[in-house]
1. Collect the residues in the stretch A:193-215 that are more than 25 Å from residue A:90 (Cα to Cα) and surrounded by 15 or more Cβ atoms within 10 Å (Cβ to Cβ), keeping them in residue-number order.
2. Before we move on, is residue A:344 over 15 Å from residue A:164 (Cα atoms), in contact with a strand residue (DSSP E or B) (Cβ under 8 Å, 6 or more places away or on another chain) and more than 12 Å from chain B (Cβ to nearest Cβ)?
3. Kindly indicate whether residue A:246 is surrounded by 16 or more Cβ atoms within 10 Å (Cβ to Cβ) and within 25 Å of residue A:298 (Cα to Cα).
4. In this structure, is residue A:314 surrounded by 22 or more Cβ atoms within 10 Å (Cβ to Cβ), touching a helix residue (DSSP H, G or I) at 6+ places or on another chain (Cβ under 9 Å) and outside the structural domain of residue A:133 (by TED's automatic domain parsing)?
5. Among the strands (runs of 3 or more DSSP E) lying completely within the stretch B:267-351, list those that include at least 2 residues that are among the hydroxyl-bearing types (Ser, Thr, Tyr) and modelled with pLDDT of 95 or more.
6. Pick out the one residue from A:11, A:68 that is at pLDDT 70 or above, surrounded by fewer than 18 Cβ atoms within 10 Å (Cβ to Cβ), closer than 30 Å to residue B:316 by Cβ and near DNA strand D (Cβ under 7 Å from one of its atoms).
7. Only residues in the stretch B:10-30 that are over 30 Å from residue A:327 (Cα atoms) and touching a residue at least 24 places away in the same chain (Cβ under 8 Å) count as the first member; pair them with residues that are more than 11 Å from DNA strand D (Cβ to nearest atom) and in a helix (DSSP H, G or I), Cβ under 7 angstrom, at least 6 apart or cross-chain, and list the lot.
8. Just wondering, is there one or more residues in the stretch A:54-64 that are over 30 Å from residue B:10 (Cβ atoms), hydrophobic (A, V, I, L, M, F, W, C), more than 9 Å from DNA strand C (Cβ to nearest atom) and not assigned by TED's automatic domain parsing to the domain that holds residue A:134?
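The values are calculated or read from the model by the stated rules, or taken from the named source; none is laboratory data. Quick caveat, the model's predicted, so the values are computed rather than measured. Don't worry about glycine lacking a Cβ; one is built from the backbone with ideal geometry, like all the others, and counts go over all protein chains shown.
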Number of protein chains: 2
Amino acid sequence: MMETATQRPPRITQTEIARRANVSQGVVSAVLSGKPSPIRVSAAVRDRVLRAAMESGYRPNSSARAMRTGLYHNLGYFLDTAPGAMEENDFPEFRAGVFDAASARDFFVSLIRLPNRDFAKNPIPKAFREAHLDTLILNNMGGLTPELQQAILTSGFPIVYLNEKHDTNAVYFDDYEDTRMLTEYVIQRGYKRIAFFAENTRRPQHYSEQLRQAAFIATMQAHRLAPEVQRWHFREERTQIINWLRSAQRPQAVLCYRDRDALTLQSCATEAGLRIPQDLAVASASNEQRLDDYFVVPLTTLVQPRYDAAVAAVHMALDLVLDRKIATRPAKVYRATLREGESVPVRPVSR
Amino acid sequence: MMETATQRPPRITQTEIARRANVSQGVVSAVLSGKPSPIRVSAAVRDRVLRAAMESGYRPNSSARAMRTGLYHNLGYFLDTAPGAMEENDFPEFRAGVFDAASARDFFVSLIRLPNRDFAKNPIPKAFREAHLDTLILNNMGGLTPELQQAILTSGFPIVYLNEKHDTNAVYFDDYEDTRMLTEYVIQRGYKRIAFFAENTRRPQHYSEQLRQAAFIATMQAHRLAPEVQRWHFREERTQIINWLRSAQRPQAVLCYRDRDALTLQSCATEAGLRIPQDLAVASASNEQRLDDYFVVPLTTLVQPRYDAAVAAVHMALDLVLDRKIATRPAKVYRATLREGESVPVRPVSR
DNA sequence: TTGTACGCGTTATCAC
DNA sequence: GTGATAACGCGTACAA
């Protein structure tokens with residue numbers, strides 16, 4: 001157990017440092033800023049100032065600095081968790097990337113969400129009502145109210161969309177092409193009766209779901225194969241999934257929207273007496289790292305470079321902040337990489 | 001697709017509002033603050049000011065306010081994600097509770113972590129080097145370096161520990177008593193050969209793991225039953241788990257450290273040809289909401305009120321900030337509630 | 001090489 | 001009721 005501080009140290013200002021080091025406050029500022037400055041100080045004075053700062057535990061007041069410089073050094077990370085939106089969209093890789101990139105460029109990260117409770121009372125988060133942020137990373141699942149969109153757009157800082165397709169000021173994944181690639185991969189491995197499977201969540205979904213399904217259908221048709229799409233709710237319609245897997249028309253391979261669907265499928269397949277991949281091949285179009293450990297056979301899945309995308313989004317946002325002349329940057333699109341597991345082996349020729 | 005703003009609106013100040021409304025800036029401040037003030041303004045002036053503020057899209061500069069009031073209105077939420085720590089400790093319920101409670105009391109939330117990369121270069125996050133936070137919620141998994149602990153303790157703001165046992169300024173769960181209760185529950189349902197199971201992660205674990213295991217052992221011994229403890233790595237030692245479950249000495253019931261262990265067990269049990277709960281009862285000492293959907297039979301598990309705990313931690317922290325006289329509050333301990341699924345049915349008497 | 005003076009936007013305290 | 005004015009901590013232009 002750590003000790004808990006029982007009293008708070010006094011706030012130390014540059015003026016106080018100046019008093020202790022017997023110099024003026026302007027010199028303290030010049031020394032502590034570290035930056036090249038018109039003010040050239042002697043080594044002796046520099047040392048006196050630095051030592052006084054160390055010994056007093058000085059920490060610069062970022063509010064005062066913000067007021068002086070016009071930069072808050074604050075980046076907002078918005079997570080859409082409105083009622084009906086998917087909490088799970090907040091991948092830890094996104095958070096880590098946003099934080100690391102912001103830290104590396106000396107910015108704080110302010111967490112912004114829609115409050116779960118009291119939403120009606122206060123539909124616009126404080127971050128949009130007060131001047132506090134220099135820029136915003138918007139990781140949105142489509143749950144924004146019109147008034148909130150308005151508040152964001154009029155808030156006056158540049159916005160970069162993460163995981164949402166826009167022409168400019170956005171970083172996202174090429175969901176269509178990635179899934180096309182995955183579908184091609186499964187077909188090339190010898191499978192013909194392939195189904196697309198996504199859990200029916202009865203909630204607003206990320207647009208990638210439609211894109212991936214469309215890519216699957218188009219690719220199948222390009223190969224003159226019949227695309228099948230299945231969609232059930234795991235808890236409520238579990239037996240239907242199992243019956244589907246037990247039926248004579250069951251697919252040879254299933255292409256899942258994301259890993260959790262593959263996990264659902266694994267569970268149902270086991271109960272249906274099917275082994276993966278011997279009796280049923282399974283692939284997924286979007287890796288969810290948290291679930292990796294629960295697949296009996298390593299899953300063949302598409303890995304989106306979420307950490308890198310988040311880093312890119314932050315850089316884009318901060319470039320917009322620092323180059324005040326430009327308000328727009330072209331979008332950056334990332335491709336997923338195929339992580340080959342053992343769930344889609346080459347199909348033995350059976351004819 | 002939303003429109004992207006192509007130009008930034010100018011920053012509007014109270015002085016500008018005053019000019020437009022043809023009043024003095026002091027009146028603007030009094031009107032916009034909303035608080036009772038010695039300045040009594042007429043309804044007409046009030047309306048002029050409010051309208052000017054609305055039309056100009058005025059947003060108060062929180063840095064200026066912070067400098068004047070000495071309050072940043074900023075709460076730090078620290079997540080220990082150091083190399084070796086468990087990313088998964090960051091339950092979404094914690095985040096939601098912290099954000100909602102802070103928002104309700106008009107505070108921003110600053111996300112703080114240890115940078116994944118460049119850690120050696122910059123071991124102390126900016127949040128502890130600059131004066132920017134009024135207080136800190138520390139959700140720690142034990143990965144803090146000594147120098148970082150020092151930086152936090154000397155940073156000058158009150159700290160509240162979330163999910164970590166301390167005498168004061170902490171909110172945590174009664175891991176020992178909760179697991180004792182769960183063990184009693186399983187015993188009362190007629191099971192005798194009960195094993196404690198936790199995945200071997202080869203990483204620093206939260207202290208609750210030891211507490212829960214100790215509680216299990218003590219409770220078993222109090223009932224003159226032999227406690228068995230098993231610990232394997234899912235990926236690397238999967239066959240050992242399966243062999244254990246297939247053996248004649250296999251337990252009648254397994255008490256898992258947390259839900260993910262129960263999921264591991266479900267997977268292995270299925271492969272071993274055992275049905276849950278007919279052949280093997282399973283309980284868990286810590287619910288992980290994200291995994292709920294993957295249990296074939298609803299899991300009997302302990303649900304920690306994480307959202308409420310996070311809210312309580314924020315309130316404790318903000319009380320410390322606002323009542324500057326008191327630097328210490330007694331810890332708050334939460335109990336888990338038993339969520340009865342169907343994985344631990346009453347055991348038919350067999351003798 | 002160092003000190004002085006000013007202003008950022010806000011709150012709060014005064015006389016008017 | 002209202003309109004000046006000081007002060008918060010820091011950065012910087014300019015004077016010494």
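1. A:194, A:195
2. yes
3. no
4. no
5. The qualifying strands (runs of 3 or more DSSP E) are B:300-303.
6. Answer to the check: A:11.
7. Close Cβ pairs satisfying both conditions: B:21/B:52; B:28/B:17.
8. There is at least one residue in the stretch A:54-64 that is over 30 Å from residue B:10 (Cβ atoms), hydrophobic (A, V, I, L, M, F, W, C), more than 9 Å from DNA strand C (Cβ to nearest atom) and not assigned by TED's automatic domain parsing to the domain that holds residue A:134.
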